[in-house]
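So the structure is just underneath, and the comments pick up after that.
No lab work stands behind these numbers, since they all come straight from the coordinates. From a predicted model like this one, the values you see are computed outputs, not experimental measurements. Because the Cβ atoms are built from the backbone with ideal geometry, glycine has one as well, and the counts that use them run over all protein chains shown.
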Amino acid sequence: MPELNSPPVVLVPIKAFSSAKSRLRAVLDPEEVRNLARRLATQVLEAAQPRRTLVVCDDDEVAQFATDRGVEVVRTRATTLNGAVAEAYGQMASGDTVIVAHADLRDPRGLGAFLPAPGVTIVTDHHGRGTNVLALPAGAEFRFGYGPDSATRHRHECERLALACTVIVDSPWGYDVDEPNDLEGVPHSI
């Protein structure tokens, strides 16, 4: 169980900007998508402050982007989101609380002040199926299950590990930007 005085650590996995947001490339040109991915990631990193924040990536440009913003970088060799998060999570000190936040949250305000419940907290996407923010104690043998219906997989993982699980389905963090209709409400200058 994390110490009460130990603030959570925020992990932000970021895909290479050059290949990010493939579903948006049908309606935006590649440079617009790249700029959008950078703007969204910037606001997530800013919202995570003053917490210790680490960007998880396998890309030189993303690593430099994080470093330029004073954020630590965890380089990964994993080729999937689940593998990258698992690799970074495995490096966290036992007793820490780890918050995994996606880099494409439309409104990440409050991330740096978020105090999750004991055990695991799942903040779902606005459909109630995906996992946009996941808070959990470091050191658990948690198997990450990002992808379609990840909230259900993460709840099952809590059951497997006998970890308390809080699910939040009504949060501004429930809105990420993946599909063209997700662009509604995204400011052009984040």
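Quick notes
- Computed from backbone phi, the HN-Hα couplings of segment 145-151 come to x, 5, x, x, 6, 5, 4 Hz, rounded to whole numbers (Karplus: 6.51 cos²θ - 1.76 cosθ + 1.60, θ = phi - 60°; Gly and Pro given as x).
- Considering only segment 9-183, percent of DSSP beta bridges that pair antiparallel, nearest 5: 40
- Relative exposure of Ile14, Ile99, judged by other C-beta atoms within 10 Å (fewest first): Ile99, Ile14
- Projecting the Cα atoms of Val55, Ala37, Ile168 onto the charge dipole of segment 9-183 (Cβ charges, centred on the Cα centre) puts Ile168 farthest toward the positive pole.
- Whole-number D in µm²/s for the chain (Stokes-Einstein; Kirkwood sum over Cα pairs; 10 °C, 1.306 mPa s): 96
- Exposure proxy ranking for Ile168, Ile122, based on other Cβ atoms within 10 angstrom of each Cβ and starting from the fewest, stands as Ile168, Ile122.
- As a rough footprinting exposure proxy, the listed residues Cys165, Cys57 were ranked by other beta carbons within 10 Å of their own, and the order from fewest upward is Cys165, Cys57.
- Annotation: amide H of Val100 within the under-5 Å range of Leu11, Leu134, Ala135, Leu136, sequence separation 5 or more or interchain, hydrogens built in the peptide plane.
- In this Cβ point-charge picture (+1 for Lys and Arg, -1 for Asp and Glu), the chain has a dipole of about 200 debye about its Cα centre.
- Rounded to whole Hz, the Karplus (6.51, -1.76, 1.60) HN-Hα couplings of segment 52-68, x for glycine and proline: 5, 10, 10, 8, 9, 7, 10, 10, 4, 5, 5, 4, 5, 4, 5, 4, 4
- Other-chain or far-sequence residues with amide H under 5 Å of Val74's (modelled H): Val55, Val56, Cys57
- Cut-off under 5 Å, modelled amide H: who pairs with Ile168 long-range: Ile122, Val123, Thr124
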